[in-house]
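A.B. asks: Before we start, here is the structure in question, set down as structure tokens.
No lab work stands behind these numbers, since they all come straight from the coordinates. Quick caveat: nothing in here was measured; it's all calculated off a predicted structure. Don't worry about glycine lacking a Cβ; one is built from the backbone with ideal geometry, like all the others, and counts go over all protein chains shown.
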Amino acid sequence: MILQIQPIFLSLLLLPVLLLLSAEEAAAAGTISPGSTLYASDTTKTWPSPSSAFSLGFLPQSSASFIAAIFYSGGVPAIWTVGSTPVDSAASLQFLSNGNLRLLNGTGQTVWESGTAGAGVTSASLSDSGELVLLGNGTDPVWSSFQHPTDTVVPFQNFTAGMVLRSGFYSFRLENATGNRTLRWNDTIIYYNQGLNSSFDSNLTLASPSLGIQNIGIVSIYDPKLPVGGAFVAYSNDYAENRDTLRYLRLADDGNLRIYSSDKGSGTSVIRWAAVEDQCQVFGYCGNLGICSYNDTSPICECPSQNFELVDPKDSRKGCKRKVETEDCPGNATMLDMENTLFLTYPPETESQIFSIGISGCRSNCLVSSTCDASTSLSDGTGMCYLKTPGFISGYQSPALPSTSYVKVCSPVVSNPPPSAQVVGKSSGLRMHPWVVALVVIGPILVLVVVEGSFWWWCCRNSPKFGGLSAQYALLEYASGAPVQFTYKELQRATKGFREKLGEGGFGAVYRGILTNKTVVAVKQLEGIEQGEKQFRMEVATISSTHHLNLVRLIGFCSEGRHRLLVYEFMKNGSLDNFLFPLEESEKVLNWEYRFNVALGTARGITYLHEECRDCIVHCDIKPENILLDENYAAKVSDFGLAKLINQKDHRYRTLTSVRGTRGYLAPEWLANLPITSKSDIYSYGMVLLEIVSGRRNFEVSAETNRKKFSVWAYEEFEKGNVKGILDRRLVDQEVDMEQVARAIQVSFWCTQEQPSQRPMMGKVVQMLEGITEIEKPPAPKAMVEGFNGTSMNVSSNTSALSTIAASAPAPSSSSSSQTAGTSLHASGKNIERASSSLLRSSPY
């Protein structure tokens, strides 16, 4: 008799077996057995990590060129490469039975090997952190890719003093004892040398410094002598935004160390931070005798003059060479003069190539010296001269450089054609006569001058001070839109000796003034300015070029001696706080329609600063006192851009490390010593929005709120559905759109979320307020951790980004304990990241 087993029962019988096989496959995933081989001819075959986040395999560089590498999902980035040179399509990567891992090219020649033959290696594994480990006795690490980095550091990797990242001629090191990060050209020229920030003792000697990057984007230095969590040294400008993103530190072949981010599976990477902000300051970027400069946005490489030619016409970064060497000159050698040009001189060259001689001496001494190829004379008042010896000379040209350089060439000097001449020559075969060019260029200028002059005369003909301040203001204000430069005496006279004070904020006092053309202005006397004249003018130019209907317009400035003043358009109705928190009950109350328009206008102004300017401007001090109302009660945001004026140690990539703010409006990351981004402004805006709705300070405590901060109590009432209880009592008897009120309250709670990544972008805030975007129920904003007063304060996060983390987060292991295949940092790195998140979740209530 034959038993018939139904398929469903068969499945149940086989289920334990299937589960066992699945468990074994999962355990085996990421494990590589001796005898395994990968071939460049088959790029689809790889050795993946357990979750396939990383894979080891061949990546094509061209149709006939490949590299063996560990790469992230999507093929980008390659975080570790096998060997330093590409191989052909017949190459193979072999994990031999003797425990050696080796790369062979098509001819069978060994290109690279791990050197672990006979070391007891029995297996290999690739972890989900991207670490390749050769194991002995199944679990004991013998060799690790993290201990032999190439050009990249990833999260959970411990980069210690003694390790080196390399890319072409460039290298990156962590210096022993000091923890300084250094970038070098050819292992000699140190063009970047950055230590711990000023909050640490400059004489501090570290025991065993190491560097690591967290996946949220923070780069820190760790050492037993540093605080738990290490010393924060850099962070990505997308800090903590997307958890499914790999952030890594890489030394690129252009000599710059950068933080990149790559979304899983995207196959692309985005630059988030750079060690050297000015690429032309990287030594050797344009090769020997090459001159680095900029087009609109990118660095370009050119030769000093037509006495030179490119070493490789297809690659201008390989440098230049003289068409005729100076020792072979048919006549005399001479010096090519190059204005606004600097020959980069870094340690150790600074010890032997810098002299204190005049401009003419800098030129002539080099000309007559057989050991001098070029020289640079600084025009900054120091009288310093760089005499460059034959070897490798790296040049930088910019209109902002206060220096003139000279290069020895054979006579005669043949200068490069000006850019305009090159463009004309390329775009047309016709020869343009100089008089035609002069007529085309000068004619319109003369017409413009006549028109502007006539307009200026018509505006100012009745002024008693004809030709003075009125003329300057009228001409510049109406003709060019550039900020007007005032003298201190002019502003002293306009404000009648700074008599009528309009208010005082974190950046200084504001006074009412009247210019000689009868324009009413607000004059702000800045305090705590640390920047020089040139930097101050550059920042003023940036602020004055920022125009929006909901931003207060900057008219002019004064920079005279120690005096730094800004002149703004005058706002007739003053600041928002006067209406929300009046000193007298009888004072005028803004109705709901005006309030909602103020909230919307403020949001639009901040959106412009964050998302629509060429460079994102983080305000850092959003509060009712910095929201001004014009004669129609339209909102205009003031004091934007001033954070950079107060402290020059800030960013080019959207985040700040030391700025001013006001208690009651500060985001939790301020007190957690974490990076300040545009999301910090959004938190402050959320607090202001709640005050617009309620007419009460968010840090106010009363019996009505059960002795809780109003912002905390308001969420509890919102949960109960008591929207009317949150609304300003003075609006109860007025006509109010309660749908708008509920929408504004929900937006305020979204903006004040504890995690920056949970807060919406400002553009989305506008859409939510307008009702274009549906608003989901916001979680409780728990981390309202500032103090109870509303005074301005200085907050510095120059100390370690994670120095305040609870002691339970263990520090990453130092170099002395990192020889165990670099695995000791894995757990601690996760703890640190978890600790930084838990710090934001802490609440005093």
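A.B. asks: Are there GluC sites (Glu not before Pro) in the range 265-339 that DSSP puts in a loop and that have at most 14 other Cβ atoms within 10 Å, and which ones?
C.D. replies: The qualifying sites are E277, E325.
A.B. asks: Just order 99-110, 124-135, 675-686 by mean Cβ neighbour count inside 10 Å, highest at the front, would you?
C.D. replies: 675-686, 124-135, 99-110
A.B. asks: Can you give the extra length, in nm with one decimal, that the chain gains between A117 and V324 once fully stretched, where that is 0.36 nm per residue apart less the Cα-Cα distance?
C.D. replies: In short, 69.2 nm is gained.
A.B. asks: With the cut-off at 1.5 for a/c, could you classify the range 285-414 from its C-alpha gyration tensor as rounded, prolate or oblate?
C.D. replies: Since a/c reaches 1.5 but b/c is at least a/b, the shape of the range 285-414 is classed as oblate.
A.B. asks: Return the FRET efficiency for the residue pair R553, K724: r is the Cβ-Cβ distance, R0 is 30 Å, and the value is rounded to the nearest 0.05.
C.D. replies: Taking R0 as 30 Å, the efficiency between R553 and K724 is 0.20.
A.B. asks: For the pair E309 and S545, how long in nm is the line joining their label points, each one 7 Å along Cα→Cβ?
C.D. replies: Here the answer is 4.0 nm between the modelled labels.
A.B. asks: Here's a follow-up. Hey, what do the phi angles of the range 567-583 turn into as Karplus ³J(HN,Hα) couplings, whole Hz, using 6.51/-1.76/1.60 and θ = phi - 60°, x for Gly and Pro?
C.D. replies: Couplings: 10, 10, 5, 8, 9, 4, 9, x, 9, 4, 4, 5, 8, 6, 10, x, 6 Hz.
A.B. asks: Holding the Cα-Cα limit at 26 Å, pick out from K489/K534; K636/K720; K496/K524; K524/K623; K321/K388; K496/K534 the pairs that are longer than that.
C.D. replies: Beyond 26 Å between Cα atoms: K636/K720; K496/K534.
A.B. asks: While we're looking at this one, here's another question. Can you put M163, M384 in order of Cβ neighbours within 10 angstrom, beginning with the fewest?
C.D. replies: M384, M163
A.B. asks: Sort the following peptides by mean Cβ neighbour count (other Cβ atoms within 10 Å, averaged over residues), highest first: 146-157, 750-761.
C.D. replies: 146-157, 750-761
A.B. asks: Could you tell me the calculated FRET efficiency between D278 and E631, based on Cβ-Cβ distance and R0 = 41 angstrom, to the nearest 0.05?
C.D. replies: E between D278 and E631, to the nearest 0.05, is 0.35.
A.B. asks: Which order, highest average first, do 492-502, 769-779 follow once you tally other Cβ atoms within 10 Å for each residue and take the mean per peptide?
C.D. replies: So the order, starting with the most tightly packed, is 492-502, 769-779.
A.B. asks: If you don't mind, there's one more thing I want to ask. Give, in nm to one decimal, the length gained when the segment between E739 and E560 is fully stretched (0.36 nm per residue of separation minus the Cα-Cα distance).
C.D. replies: Working it through step by step, the gained length comes to 59.2 nm.
A.B. asks: Amide H to amide H, which residues 5 or more places from I555 or on other chains are under 5 Å from it, using H placed in the peptide plane?
C.D. replies: V567, Y568, E569
A.B. asks: Provide the gained length on full extension for the span L446 to A64, in nm with one decimal, where the gain is 0.36 nm per separating residue minus the Cα-Cα distance.
C.D. replies: Using 0.36 nm per residue and subtracting the Cα-Cα distance, I get 131.4 nm.
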